[in-house]
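Take a look at this one; I'll ask things after.
Laboratory data are not the source of any read-out in this text; all were calculated from the coordinates shown. In this text, all values refer to a predicted model and were calculated from it rather than measured experimentally. Don't worry about glycine lacking a Cβ; one is built from the backbone with ideal geometry, like all the others, and counts go over all protein chains shown.
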Amino acid sequence: MKICDYLKSGNFSLSYEFFPPKDVKGRKQLTETIEELIIYKPSFVSVTYGAGGTTRERTLNTVKEIKEKFNLTVMPHLTCVAHDREEILDILETYKGLGIENILALRGDRPKDNPKKGFCRYAVDLVRLIKETYGDTFCVGVACYPEGHQEAPSLEEDILHLKEKIDAGGQFAITQMFFRNEDFFRFKELLAKKGIDVPILIGVMPITNFKQIKKFAQLCGATIPLDLAKKLSEVQDKPEEVYKIGIEYAISQCEELLDYGVDGFHFYTLNRPDATKEVIEALRDKIFSLRKV
Ligand SMILES: Cc1cc2nc3c(=O)[nH]c(=O)nc-3n(C[C@H](O)[C@H](O)[C@H](O)COP(=O)(O)OP(=O)(O)OC[C@H]3O[C@@H](n4cnc5c(N)ncnc54)[C@H](O)[C@@H]3O)c2cc1C
């Protein structure tokens, strides 16, 4: 199923993001996670891709396995940094052969140990390449940043580049994690001013570990609100307390987003089911009243 067709019919989207496991233990963990989360009938699941092609085989195998085993709509992420044109087309051809209909087109961040210059400078070049080569074979999603991407001189400029990705054929966007809904509301206003009206799926990252989230947030430029950071730091040596605060925060953040009227939730699961499950369960009635399938 093409995600853009599903979204076009006004359906609320529920999706999960996984990373490709490294070993047998990781594969077992991922299988168990999907088994737990599949009961909520995800619209699709996605599998990340190591920038520079570090997970090329693993991403492909994970996509294949999930599709075959669970019959879910699977969207591979594809980062173009450090890949030449032929490599990208080779990967896309393989996905086409597997019946994959959706791709998340990303630039990625160049790994420090891989100086290879890729065919694409920005994600927009990848979107163009996919659309020019494959037309509507793939529904193409792109990334967006409610607080602005770290490299962008301003949020406004970042949104102009998001518009380029949409104009080139991006059909929906998934947000980077964010913890202040006001950032998202302001982002939506700016998108409307620029005439960007594709569905925007909210990337939800329930906080389950303070050290880990501080690292992630720093890497991707997401702000953890001061009062939340303070609460978490006070209990940082008590994992259950951190988890409780993190889940409660995610539930109230998602509830406000549902009331505002968003197009869907894309859970960054980190290949674990519990946090995602708790947030969905707490908002089950609201979420499922918005879903037609
Ligand atoms: C939902 C989601 C999933 C992700 N999945 C992965 C993954 O699987 N693997 C991975 O490695 N990373 C992943 N990332 C991280 C992503 O690769 C990084 O954030 C990366 O730095 C930017 O990728 P992009 O596709 O947004 O790039 P782009 O859209 O190319 O933007 C990158 C920067 O360049 C600027 N820019 C764009 N076009 C131009 C232009 N023409 N001129 C000047 N500046 C320009 C933008 O404003 C921005 O600052 C994901 C991010 C999100 C939000």
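Can you give the three extents of the C-alpha atoms in segment 234-293 along their principal axes, from longest to shortest, in whole Å?
Projected onto its principal axes, the Cα set of segment 234-293 covers 42, 24, 16 Å.
For segment 88-164, taking Cα atoms only, what is the radius of gyration to one decimal and the Dmax to the nearest whole Å?
13.9, 40
If you don't mind, there's one more thing I want to ask. Just to be sure I follow: if Rg is taken over the C-alpha atoms of segment 170-270 and Rh is the Kirkwood radius over the same atoms, what is Rg/Rh?
Values: Rg = 14.3 Å, Rh = 14.4 Å.
On the Cα set of segment 170-270, Rg over Rh gives 0.99.
Also: What fraction of the Cα pairs in the chain, stated in percent, has a spacing above 35 angstrom?
When every Cα pair of the chain is considered, 13 percent fall beyond 35 Å.
For 75, 205, 177, what's the fewest-to-most ordering of other Cβ within 10 Å of each Cβ?
Values: 75 27, 205 23, 177 20.
The fewest-first ordering by Cβ neighbours comes to 177, 205, 75.
Another question about this same structure. What are the ³J(HN,Hα) values, in whole Hz, obtained from phi via the Karplus relation 6.51 cos²θ - 1.76 cosθ + 1.60 with θ = phi - 60°, for each residue of segment 188-197 in sequence order, with x given for Gly and Pro?
Karplus-based 3J(HN,Hα) across segment 188-197 equals 4, 4, 5, 4, 4, 4, 8, x, 8, 10 Hz.
Also, I was wondering about something else. Take the residue pairs 28/231; 165/231; 67/131; 25/116; 117/194; 8/188 and return only those whose Cα atoms are more than 27 Å apart. Mind dumping the intermediate values first?
On the way: 28/231 34 Å; 165/231 38 Å; 67/131 23 Å; 25/116 32 Å; 117/194 32 Å; 8/188 18 Å.
From 28/231; 165/231; 67/131; 25/116; 117/194; 8/188, over 27 Å: 28/231; 165/231; 25/116; 117/194.
Which value at 222 nm does the chain reach when only helices count, each DSSP H run of 4 or more adding -39,500 (n - 2.57), with the total divided by all residues and rounded to the nearest 500 deg cm²/dmol? Don't skip to the end; give the middle numbers.
Details: 12 runs with 144 residues, N = 293.
Rounded to the nearest 500, it is -15500 deg cm²/dmol.
Quick one: if you stick a label point 7 Å off each Cα along the C-beta vector at residue 87 and residue 133, how many nm between them?
Output for this residue pair reads 1.3 nm.
If I measure Cβ to Cβ between cysteines in the chain, which ones have no partner under 4.7 Å?
By the Cβ distance rule, which asks for a partner under 4.7 Å, the isolated cysteines are 144, 220, 254.
Treating only the Cβ of Lys, Arg, Asp and Glu as charged (+1, +1, -1, -1), what charge dipole size does segment 3-289 show about its Cα centre? Round to the nearest 20 debye.
On the way: 39 positive and 45 negative charges, 126 e Å.
Approximately 600 debye in magnitude.
Follow-up question, since we're still on this one. Could you work out how far the C-alpha centroid of segment 147-210 sits from that of segment 72-92, in angstrom?
Spelled out, the Cα-based centre of one part sits 22 Å from the other.
A further question on this structure: Report the one residue of 229, 146, 260 whose Cα lies farthest in the direction of the positive end of the charge dipole of segment 123-279 (charges on C-beta: Lys and Arg +1, Asp and Glu -1; origin at the Cα centre).
Going by the Cα projections, it comes out as 229.
Tell me, what HN-Hα J-couplings in whole Hz come from the Karplus equation 6.51 cos²θ - 1.76 cosθ + 1.60 at θ = phi - 60° for each residue of segment 266-278, using x for Gly and Pro?
Listing the rounded values in order: 10, 7, 7, 7, 6, 6, 10, x, 4, 5, 4, 4, 5 Hz.
Between residue 167 and residue 290, what FRET efficiency comes out of the Förster formula 1/(1 + (r/R0)^6) with R0 = 35 Å and r the beta carbon distance, rounded to 0.05?
Values: r = 29 Å, r/R0 = 0.82.
Efficiency computed from Cβ-Cβ geometry: 0.75.
Looking at the square roots a ≥ b ≥ c of the eigenvalues of the Cα gyration tensor of segment 1-80, which shape do they give, rounded for a/c under 1.5, prolate if a/b is larger than b/c, or oblate? Don't jump to the answer; show the numbers that get you there.
Numbers: a/c = 2.41, a/b = 1.33, b/c = 1.81.
Oblate, because a/c is 1.5 or more while a/b does not exceed b/c.
Moving on to the next point. Report the gain in length on full extension from residue 94 to residue 35: 0.36 nm times residue separation, minus Cα-Cα distance, nm rounded to one decimal.
Numbers: separation 59, 0.36 × 59 = 21.24 nm, distance 2.63 nm.
Contour length minus Cα-Cα distance gives 18.6 nm.
Given labels modelled 7 Å from the Cα in the Cβ direction, how far is it in nm from residue 8 to residue 24?
Once both label points are built, they end up 4.6 nm from each other.
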